[in-house]
């Protein structure tokens with residue numbers, strides 16, 4: 001027993017020293033943006049291995065005019081902060097009803113459905129130097145304006161540094177020694193993603209049923225998102241910048257404002273047919289956003 005106690009004390013001392021060194025190395029980076037980037041890379045190294053899993057990746061082009069007109073009309077009616085991203089979020093949530101089997105995650109060898117249809121958004125909290133997730137529960141029951149209100153409320157908390165969950169996660173990640181990050185991410189995957197319970201400041205299933213990243217501010221047309229294994233989110237969508245493009249319609253060339261959506265799906269949960277059904281529903285909703293309410 002004394003030997004076991006000494007071993008435990010020695011292990012605690014070693015881990016404590018590693019954690020202290022990790023924190024000192026983080027604090028040694030004076031620039032907050034560089035420090036945030038170093039932390040993201042540390043988490044990324046612990047999160048992903050070499051790609052071996054099955055992914056489905058596809059893209060669709062959407063006419064922007066109906067969505068832009070919808071956004072303009074709702075803003076004129078008082079919907080502050082409403083953007084194309086929020087309209088896409090509402091449409092992405094409602095489109096899940098067309099392919100409900102995909103609203104699930106893998107737990108061990110079983111597929112377990114989510115309790116609701118939630119949508120996660122990647123939000124900029126560091127002027128392009130840092131991102132954080134903002135999840136909207138039951139997004140399929142909300143209008144785009146209601147989603148916008150909830151997203152902006154989350155953004156304000158994150159940017160003000162008062163989001164306790166995000167602060168807890170960041171502090172823990174900064175202290176955990178590099179060699180222990182991968183085991184921590186494996187535990188997070190089981191507890192957060194598989195079981196769906198909160199851990200270290202993060203809600204269960206932290207990215208929701210669908211996760212959306214808006215790359216429009218970067219002037220990028222197409223980006224395929226890399227799924228986060230610990231989140232176990234089945235569908236990821238990126239929203240590209242609106243671009244005027246030449247389109248042939250009825251034998252004539254028209255200049256049409258369009259944007260591209262890129263989808264990455266977990267092939268264990270969605271197949272080609274389900275992706276086609278989901279995207280068809282998504283396209284129909286974005287072609288007639290009035291169906292989204294608000």
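Could you calculate the contour length gain from residue 197 to residue 255, that is, 0.36 nm times the residue separation minus the distance between their Cα atoms, to one decimal place in nm?
Details: separation 58, 0.36 × 58 = 20.88 nm, distance 4.87 nm.
Roughly 16.0 nm would be gained on extension.
Sorted by mean Cβ packing within 10 Å, highest first, what order do the peptides 135-148, 105-118 take? Display every interim value, and only then the final one.
Values: 135-148: 20.8, 105-118: 14.9.
Ranking, from highest mean packing down: 135-148, 105-118.
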* Contour excess over end-to-end distance, with Cα ends at residue 60 and residue 247 and 0.36 nm allotted per residue -> 65.9 nm
* Structure fact -> Expected sort for 261, 20 with the fewest Cβ neighbours (10 Å cutoff) up front is 20, 261
* Can you give the Kirkwood hydrodynamic radius for segment 84-209, in Å, rounded to one decimal and based on Cα pairs? -> 15.7
* To do: Enumerate the residues in segment 153-170 having an amide nitrogen under 18 Å from the point lying 7 Å beyond the Cα of residue 38 toward its Cβ.
  => 170
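Express in nm, to one decimal, how much length is gained between residue 223 and residue 167 on full extension, taking 0.36 nm for each residue of separation and deducting their alpha carbon distance. Working shown, then result.
Details: separation 56, 0.36 × 56 = 20.16 nm, distance 2.80 nm.
Here the segment from residue 223 to residue 167 would lengthen by 17.4 nm.
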* Structure fact -> Dividing the helical contributions, -39500 (n - 2.57) per DSSP H run of n ≥ 4, by the residues of the chain yields a 222 nm value, nearest 500 deg cm²/dmol, of -13500 deg cm²/dmol
* 0 to 90° range, to nearest 10: angle between helix 164-175 axis and the chain longest Cα axis -> 50
* Structure fact -> The alpha-carbon center of segment 59-94 and that of segment 118-174 are separated, in whole Å, by 19
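Since every read-out is calculated from the coordinates, none of them should be taken as a lab result. Everything quoted here is computed from the prediction, not taken from an experiment. All Cβ positions, even for glycine, are placed from backbone atoms using ideal geometry, and neighbour counts span all protein chains on display.
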